[in-house]
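Scroll down for the structure; my scribbles are underneath it.
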Amino acid sequence: MHIPQHIVLFPDGNRRWAKQKGIASLEGHMQGYNNLLNFSEWCKNRGVKVLTAFGFSTENWSRSKEEVSYLMNLLEKCLVDNLEKYKKNGVQLRVIGQKERLPQSLQNAIKTTEKATAENSDLYLNLAISYGGKWDILQAIKKIIEQKISIEKIDEKLFESYLSTAGLPSPDFIIRAGGEMRMSNFVLWQAAYSELYFSPKLWPDFTEQDLDLALEEFNQRQRRFGK
């Protein structure tokens, strides 16, 4: 079976799941967080090398202060509580996005976790926090301009080395839970030839069996890259 090297995940539908259950939307985020931990284990066990998960987008800053604060604390908890587990399981964690916009305590947790897991290589786990695909492209352009790189030297390979996912293979499989069918400003450059898979299941209900169904479909896809 052909397993994707790099999976991009949209863990979507946490708030809708909570509403269906008649519980607070913040509880939906907690369930989604727990399922993301499970999902990373499922991927690692199946031989996936890179997992990039959408945690908080540049657009999410417009949500209520209460929800934003809860999500920031939840993301920090994800790093702090699982650091020893990441180290033990060979997971290298990296946060991509506008780190300077994040609370200082979360920035500190990111630095600690990234440093402590930098040598791990069993699974590369990218958490996208305050991330947007357009932002990623623009920040790459700004860096290239700042470094006064000549036009003749700029090609796709060089440009990709300035993206937040530099050094990692392009995502070959994108899984979006929650029933929505759009890219929502995520890894826009990197997803140029990614296979797309949309699940109607809200993220907290997405199971290991659902992952296997997605992988079975990926295995049947013919990736011709326009050739």
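The values are calculated or read from the model by the stated rules, or taken from the named source; none is laboratory data. Only a predicted model underlies this, so the values are computations on that prediction, with no experimental measurement involved. With ideal geometry, Cβ positions are generated from the backbone for all residues, glycine too; neighbour counts draw on all protein chains shown. We work out accessible area using only protein heavy atoms, side chains counted, and drop any ligands, DNA or RNA first. Shrake-Rupley method; radii C 1.70, N 1.55, O 1.52, S 1.80 Å.
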Of the residues in segment 110-137, those that are farther than 25 Å from ASN45 by Cα, open to solvent by 10 Å² or more (accessible area, probe 1.4 Å) and not hydroxyl-bearing (Ser, Thr, Tyr) come to LYS111, LYS134, TRP135, ILE137
With (1) assigned to a loop (DSSP other than H, G, I, E, B); (2) closer than 18 Å to GLN5 by Cβ; (3) open to solvent by less than 10 Å² (accessible area, probe 1.4 Å); (4) not acidic (Asp, Glu) as the list, and ILE175 as the residue in question, which single condition is left unmet? (1)
When (1) under 28 Å from PRO4 (Cβ atoms); (2) free of Cβ contacts under 8 Å to residues at least 60 places away in the same chain; (3) not aromatic (Phe, Trp, Tyr) are applied to ASN108, the one that fails is (1)
Is segment 150-159 home to any residue that is touching a residue at least 60 places away in the same chain (Cβ under 8 Å), in a helix (DSSP H, G or I) and more than 23 Å from GLY97 (Cα to Cα)? no
Suppose we keep only residues that are of a type in the set (S, T, N, Q) and under 16 Å from the mean Cα position of the chain (by Cα) within segment 186-227. Which one would you say is farthest from GLY97 (Cα to Cα)? SER194
Hits in segment 17-36 - residues which are out of contact with any Leu (no Cβ under 8 Å at 6 or more places or on another chain) and open to solvent by 30 Å² or more (accessible area, probe 1.4 Å): LYS19, LYS21, GLY22, ILE23, ALA24, SER25, LEU26, GLU27, GLN31, ASN34
HIS6 vs (1) of a type outside the set (Gly, Ala, Ser); (2) free of Cβ contacts under 8 Å to residues at least 40 places away in the same chain; (3) touching an Asp or Glu at 6+ places or on another chain (Cβ under 8 Å); (4) open to solvent by less than 40 Å² (accessible area, probe 1.4 Å): all pass except (2)
Hey, GLU59 open to solvent by 10 Å² or more (accessible area, probe 1.4 Å), in contact (Cβ under 8 Å) with a residue 60 or more places away in the chain and among the acidic types (Asp, Glu) or not: yes
Tally time: how many residues in segment 91-104 are over 18 Å from the mean Cα position of the chain (by Cα) and either open to solvent by less than 60 Å² (accessible area, probe 1.4 Å) or on the phi > 0 side of the Ramachandran plot (or both)? 1
Go through segment 182-207 and report how many residues are open to solvent by 60 Å² or more (accessible area, probe 1.4 Å) and over 21 Å from THR58 (Cβ atoms). 6
